[in-house]
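Nothing in this text is a laboratory measurement; each read-out follows from the coordinates by a stated rule. Everything numeric in this text was worked out from a predicted model, so none of it was measured. Reconstructed Cβ throughout: ideal geometry from the backbone, glycine too, with neighbour counts over all protein chains shown.
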Amino acid sequence: MYPLTELRRQILDEMGVDVWSLRDKSGVTDVDTIQPAARTQEGTRQPAVNNESGADWLSLQNTVFSCQACKLAKSRTRTVFGSGNSNADLLLIGEAPGAEEDRQGLPFVGKAGHLLDAMLYAIGLNREQVFICNVLKCRPPNNRDPQPDEVEACASYLTAQIESIKPRVILALGRFAAHRLLETDLPVYKMRENSNCLPGTNIPVVVTYHPASLLRNPEQKAESWFDLCKAKSLLEQSSP
C-alpha cells in the first residue's frame, strides 16, 4: 500500500478533476491509502481470468475471444472482454472499445481510461476492486456509434457477465450503456435523476456521463461526481 494523499491529488489535478476531493469535517481525506492498479511489465493492466464460477467464466472469455457473430469481427484487432475483479461489487459498463482498447485488448486504456482511473480513486476504489467492460466487445470502425445488430450480437455476453459477477451496483457509463441496460431511450440527464434497477433484478443502476464525454464537456464533472458518490453510497448500504 502506498500513501496516496499527495499522489491522489496529483492524479486528480492531471485529469482536471481536482474538485473531486472527498473530505470530512476535520479536513482529512476519507481515503489515505489506496492500492494502485497493478501493471504488467509492458504497462498494461492484467485482465481477470476467473471468478467463483471459474470454468464458466473462462469459457465465456474464450467464446468472446473467438466471436464471429457480427461484422465487427472482420475489422477488429482484438476483442475486449473486460478487466478487473470478476467477483466485484461494482460493475462499470461503457459503450465500446476505442482504438487503444482494440490494440491492447483491454477496456478504458486511453485518455478516457485515465480519467476513469481518477474517478475511481476519488471514491477510494481502483481497477482491481471493480470490473470494467463494454456493451460491445469489438471496436466499431472509426469509433462510430454501435449499431442495433451489433448491440444485439453482444447482448448475451453482457448478460452472462452480469449474471456471473453478480454485482451489488452497476455504473452505466454513457447513453448507450444506460439504454442497453435499462431498455429505455431517455436522455442521460433524465436517467441520472431516476432510481434505476436492472430490469428483472434488484441491482441498482447508476447512470453517469461517459468519461470521453467528460473530456469534451468538463462542466459535467460536478454532476458525475454526484453520480459516483451515489454509487458508493449504494455500495455501502448493500454491504453485508
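When region 70-99 is filtered for residues that are of a type outside the set (Gly, Ala, Ser), part of a strand (DSSP E or B) and within 12 Å of Gln161 (Cβ to Cβ), the ones remaining, listed by number, are Leu91, Leu92, Ile93. Scanning region 228-240 for residues that are out of contact with any Pro (no Cβ under 8 Å at 6 or more places or on another chain), of a type outside the set (Gly, Ala, Ser) and more than 12 Å from Ala122 (Cα to Cα) turns up Lys230, Leu235, Glu236, Gln237, Pro240.
For region 189-240, the candidate set comprises residues that are of a type in the set (D, E, K, R) and more than 26 Å from Lys111 (Cα to Cα); within that set, the residue that is surrounded by the most Cβ atoms within 10 Å (Cβ to Cβ) is Lys190. Across region 83-140, the qualifying residues are those that are touching a strand residue (DSSP E or B) at 6+ places or on another chain (Cβ under 7 Å), farther than 20 Å from Ala69 by Cα and charged (D, E, K, R), and the one among them that is surrounded by the most Cβ atoms within 10 Å (Cβ to Cβ) is Arg127. Here Ala160 passes the criteria (1) in contact (Cβ under 8 Å) with a residue 60 or more places away in the chain; (2) of a type outside the set (Val, Ile, Thr); (3) closer than 12 Å to Asp89 by Cα except the one numbered (3).
Which numbered condition trips up Cys67, out of (1) assigned to a loop (DSSP other than H, G, I, E, B); (2) touching a residue at least 60 places away in the same chain (Cβ under 8 Å); (3) within 19 Å of Pro211 (Cβ to Cβ); (4) among the hydrophobic types (A, V, I, L, M, F, W, C)? Only one criterion is unmet by Cys67, namely (3).
Every residue, every condition in (1) under 24 Å from Asp117 (Cα atoms); (2) in contact with a Phe, Trp or Tyr (Cβ under 9 Å, 6 or more places away or on another chain), yes or no:
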{"residue": "Arg180", "(1), (2)": "yes, no"}
{"residue": "Thr184", "(1), (2)": "no, no"}
{"residue": "Val188", "(1), (2)": "yes, yes"}
{"residue": "Met191", "(1), (2)": "yes, no"}
{"residue": "Asn194", "(1), (2)": "no, no"}
{"residue": "Gly200", "(1), (2)": "no, no"}
{"residue": "Pro211", "(1), (2)": "yes, yes"}
{"residue": "Ser224", "(1), (2)": "yes, yes"}
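Checked against the criterion of being under 21 Å from Trp225 (Cα atoms) and either among the acidic types (Asp, Glu) or assigned to a helix (DSSP H, G or I) (or both), the candidates Gly113, Gly124 yield just one match: Gly113.
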